[in-house]
Amino acid sequence: MRSFNKLLLCLATIAAFFNFQGCTKSNIPAIDFGYNYFPVNINHYIIYDVDSVNKDAFTGLVTHSSYQIKEVIAGVYNDNEGRPTLRIERFRKDTSTYIDWTIFQVWTANLTTTTAQRFEDNKRYVKLTFPVKENRVWNGNSMNTEDAEDYTYQNVNQPEYFNQLVFDSVLTVLQADDLSNIISPKYKLEKYASGVGLVYRKKFEVTMHTNPITGNLDTSAFVDYTESILSFGN
């Protein structure tokens, strides 16, 4: 906890420095790094509506499910590199299997002075980079073994609404836009609201697999996943 408090103090000091510069030199505007798009306060939670469609490559079975996910920042600890790390507990609820909120995943996150990282399903992604700037590009997979993907900021600090919730400042991170790819079309996008965090996630991806009988690359699987904020709090 002490290391995490030091990180927050460091971020605040950087922001205060630039604010001071803006006050003493009127021609230099204060810089908003955009850290508020990635909240780190303990007990912060978001509830999402989820709609998911999946096709199995070998059975051809298509399944459609709708449910809710609640993400909670449950605590903070120092990882094996000594970095303050957020423990994110993910709960699921639906009308059949998970009638009550049931924890089903634990992810982690790290906020540094230059990046916001999330460790999801055993892979680390660079979700945001700071300062937030329109059209800024970075490799979201630079800290995992997946192929490079150029993430891009779009529509920074724009008002948007989801499920009748209105947010003054939302940014869009376009993670992949390759629907014209004949073999493996892909589209991935996330939206973050200032003071709230992730408010919307969209993932559509087709993957080709080798047919076990013919040996040809002719069987496909796909996922079409949408996550949209329903409520949030601290």
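The values are calculated or read from the model by the stated rules, or taken from the named source; none is laboratory data. Just so you know, these numbers come straight off a predicted model, no measurement behind them. FYI the Cβ positions are ideal-geometry reconstructions off the backbone, even for glycines, and counts take in every protein chain you see.
A few points about this structure:
- Taken over segment 159-171, the criterion of being surrounded by fewer than 17 Cβ atoms within 10 Å (Cβ to Cβ) and under 18 Å from the mean Cα position of the chain (by Cα) is satisfied by Tyr161 alone.
- Test: residue in segment 206-227 that is of a type in the set (Val, Ile, Thr), in contact with a Leu (Cβ under 9 Å, 6 or more places away or on another chain) and not in a strand (DSSP E or B): no
- Every test in (1) under 28 Å from Gln164 (Cα atoms); (2) of a type in the set (Val, Ile, Thr); (3) assigned to a loop (DSSP other than H, G, I, E, B) is passed by Ile73 save one, and that test is (3).
- Thr59, sole failed condition from (1) part of a loop (DSSP other than H, G, I, E, B); (2) modelled with pLDDT of 95 or more: (2)
- Within segment 108-143, restricting attention to residues that are in a loop (DSSP other than H, G, I, E, B) and of a type in the set (Asp, Glu), the residue that is surrounded by the fewest Cβ atoms within 10 Å (Cβ to Cβ) is Asp121.
- Selection count where residues are part of a strand (DSSP E or B) and either more than 18 Å from Gly233 (Cβ to Cβ) or touching a Gly at 6+ places or on another chain (Cβ under 8 Å) (or both), scope segment 171-199: 14
- Pick from segment 80-107, criterion in a strand (DSSP E or B) and among the charged types (D, E, K, R), ranking: farthest from Leu230 (Cα to Cα): Arg87
- Val199 vs. criteria closer than 21 Å to Tyr45 by Cβ, out of contact with any His (no Cβ under 8 Å at 6 or more places or on another chain) and surrounded by 18 or more Cβ atoms within 10 Å (Cβ to Cβ): yes
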